[in-house]
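Have a look at the structure below, then the notes.
Where a number appears in this text, it was derived from the coordinates with a stated rule and is not lab data. Note that the coordinates shown come from a computational prediction; the quantities given were computed from them, not determined experimentally. Cβ: placed from backbone, ideal geometry, glycine included. Neighbour counts: every protein chain shown.
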Amino acid sequence: MRKTETFYDVIRRQGITRRSFIKFCSLTAASLGFGPDAKTAMAEALETKERVPVIWMHGLECTCCSESFIRSAHPLVKDVVLSMISLDYDDTIMVAAGHQAEATLEETKQKYKGKYILAVEGNPPLNEDGMFCIDGGRPFVEKLKYVAEDAMAIIAWGACASWGCVQAAKPNPTQATPIDKVIRDKPIIKVPGCPPIAEVMTGVVTFITTFGRLPELDRQGRPKMFYSQRIHDKCYRRPHFDAGQFVEEWDDEGARNGYCLYKMGCRGPTTYNACSTVRWNGGVSFPIQSGHGCIGCSEDGFWDKGSFYDRLATINQFGIEANADRVGMTVAGVVGGAIAAHAAITAVKRVTAKREKTDV
């Protein structure tokens, strides 16, 4: 069996210089927030390790994860798909179709048994024996279980595969189900979002390719490198929240001044994602920067939590509501108290100075 090429083999064959390769490793490591030693580790891994075979499947979904993935800027998706990994099957973008595509899937499954990553976009519906989603002539849930048997690990792309998303929203007539409720004997990396950020998707793939292992996951199965902080924690509007400055209605003076969108329904205080740091469109912006509150699309069940414009009212344990309603008054009270105290101290000083003069 012919040895699978490494990333370095591929780019050297394409005429890329060693200098450009090292620069690529440096920029990629920096963009993913890796430490100073990551550049060397990444270069060594991409030089020596075979490209990871990937099978990418689609269940009930809108393909927004693929649309996001192909727009990655750091690294470019062409480098990921054509060089870093070996994307052997993806029925949405591959040239082959029908029986030819299914033959490719079977060949990849057998050739790389126990070595390939199964990337899943969308979820399986379980009602009516899975007949609401047919893939390759059989229910998607059956195909998912079959391909997952020999996978090294599984990546659940987006809110659909991770939580169920809109397909699983009440009353969920198709019984759309997150993949971890169907596949229970394989490690699953959840990369939620509707869709996930492009660089988060390629970052997860880059980490696995570089270090040969899965990234550290939180208790919900999400990579901590991207989902360990709330959007609220690093939001550039956070100072306005702390100062009690909120948008009260769309296009009011607060909105024009970039005040906090919490009272307009922003889910930033309860949403774990990298939107406020990595951002979208090559780091240009994210929804809050564009004037719209976060809808919490990377959190479980976000479709069933009421209108996206309803103010959060169930997180009093974090003190959010108290801050939103009272922080402005508190700040004003503190300032007023400070002014009064300053006036009192000044008056005392004047009286003391006057007495000292009289005594002299």
Between Glu248 and Ala41, what is the FRET efficiency for a Förster distance of 45 Å, r being their Cβ-Cβ separation, to the nearest 0.05?
0.35
Phi-based couplings in Hz for the range 125-142 (Karplus 6.51, -1.76, 1.60; Gly and Pro marked x):
x, 9, 5, 6, 6, x, 6, 7, 8, 9, 9, x, x, 9, x, 4, 4, 5
11 Å beta-carbon shell around Thr104, net charge (K/R +1, D/E -1):
-4
For Cys64, what is the net charge nearby, where nearby means another residue's Cβ is under 14 Å from its Cβ and Lys, Arg count +1, Asp, Glu -1?
-2
Distance from the Cα centre of the range 285-312 to that of the range 94-139, in angstrom?
32
Here the gain from full extension of Arg238 to Ala169, 0.36 nm per residue of separation minus their alpha-carbon distance, amounts to 21.7 nm
Too long for a 20 Å Cα-Cα cut-off, among Lys113/Lys145; Lys39/Lys186; Lys113/Lys181; Lys113/Lys143; Lys111/Lys143, are Lys39/Lys186; Lys113/Lys181
Based on the Cβ-Cβ distance from Leu27 to Met131, what FRET efficiency comes out when R0 is 41 Å, to the nearest 0.05?
0.30
How large is ³J(HN,Hα) for each residue in the range 145-162, as worked out from phi by the Karplus curve 6.51 cos²θ - 1.76 cosθ + 1.60 (θ = phi - 60°), to whole Hz, x for Gly and Pro?
4, 5, 6, 5, 3, 10, 7, 6, 7, 10, 10, 9, 6, x, 5, 5, 6, 7
Distance (nanometres) between label positions extended 7 Å along Cα→Cβ at Lys145 and Lys305:
3.2
Cross-link partners of Lys263 among lysines (Cα-Cα below 17 Å; sequence separation of 8 or more within a chain)
Lys305
Fully extended, how many nm does the chain gain between Asn257 and Thr48 (0.36 nm per residue separation, minus their Cα-Cα distance)?
70.0 nm
Roughly how many Å is it from the Cα centre of the range 205-282 to that of the range 1-66, as a whole number?
27
State, to one decimal in nm, how far the label point of Cys62 lies from the label point of Gln229, with both points 7 Å from Cα in the Cβ direction.
2.9
Karplus ³J(HN,Hα) for the range 189-201 (6.51 cos²θ - 1.76 cosθ + 1.60, θ = phi - 60°; Hz, whole; x = Gly/Pro) runs 9, 8, 10, x, x, 10, x, x, 5, 3, 5, 5, 5
